[in-house]
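I have placed the structure first, in the form of structure tokens, so that the comments after it can refer back to it.
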Amino acid sequence: MKRISATLLWCCLTSHVLPVLAQDQITVATRTLAASCAACHGPEGNSLGGTPTLAALNQDYFIQRMQGFKDGSVSATVMHQHAKGLTTEEITALASYFAQQPRKTAVAAPQQSFKGAQ
Ligand code: HEC
């Protein structure tokens, strides 16, 4: 009986607590991937030029755009190549990472849509 309650407790804890932790946790692998985006999208996703800012971008919007680049349904110049190399899990992790970065740039690229921005 004790064993059953312990198992039940473990299940309850892991099913409710872990997804929340996982969402906020940024792994070294995600930081490394995000660093490869910085060359164009700026430090922590704050663009310094005409490339869209990724910092504080809505996660659903980010995922939608990346999946679109990946399957070719969203037109792009360079992003098809970058998105094709990423798994769905990596895109989700990057969406969470960039959503957590504070937006520092005052001026955004004119072509960027802010409809999905948080
Ligand atoms: C070589 C430069 C370059 C690199 C590196 C790059 N991007 Fe991009 N990114 C762009 C450009 C340019 C666009 C605009 C769409 C296009 O023309 O491809 C864009 C668009 C995007 C968008 C859509 C933004 C919006 O507001 O619609 C997302 C999301 C994005 N990039 C994520 C990433 C991620 C994540 C990485 C790293 C894994 C990355 N990019 C690496 C140049 C780059």
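One residue stands out among those in segment 46-63 that are surrounded by fewer than 15 Cβ atoms within 10 Å (Cβ to Cβ) and not aliphatic (A, V, I, L, M): the one that is nearest to Leu86 (Cα to Cα), which is Asp60. Kindly indicate whether any position in segment 76-87 is in contact with a His (Cβ under 7 Å, 6 or more places away or on another chain) and either closer than 21 Å to Ile26 by Cα or not charged (D, E, K, R) (or both). There is no residue in segment 76-87 that is in contact with a His (Cβ under 7 Å, 6 or more places away or on another chain) and either closer than 21 Å to Ile26 by Cα or not charged (D, E, K, R) (or both).
For the structure I just gave you, tell me whether Leu54 is under 11 Å from the mean Cα position of the chain (by Cα), part of a loop (DSSP other than H, G, I, E, B) and near the ligand (Cβ under 6 Å from one of its atoms). Yes, satisfied. Would you pick out the residues in segment 72-104 that are more than 16 Å from Pro52 (Cα to Cα), more than 9 Å from the ligand (Cβ to nearest atom) and hydrophobic (A, V, I, L, M, F, W, C)? Selection gives Ala93 alone. Scan segment 57-85 for residues that are assigned to a helix (DSSP H, G or I) and either within 16 Å of Pro102 (Cα to Cα) or not hydroxyl-bearing (Ser, Thr, Tyr) (or both) and the total you get is 18.
Counting the residues of segment 86-112 that are loosely packed, with under 11 Cβ neighbours inside 10 Å and modelled with pLDDT under 95 gives 4. Of note, Ala39 satisfies the criterion of being without any contact (Cβ under 8 Å) to a residue 40 or more places away in the chain, over 15 Å from the mean Cα position of the chain (by Cα) and assigned to a helix (DSSP H, G or I).
The values are calculated or read from the model by the stated rules, or taken from the named source; none is laboratory data. Every value quoted in this text rests on a predicted model; they were computed, and no experiment measured them. Cβ coordinates were reconstructed from backbone atoms using ideal geometry, including for glycine residues, and neighbour counts include every protein chain displayed.
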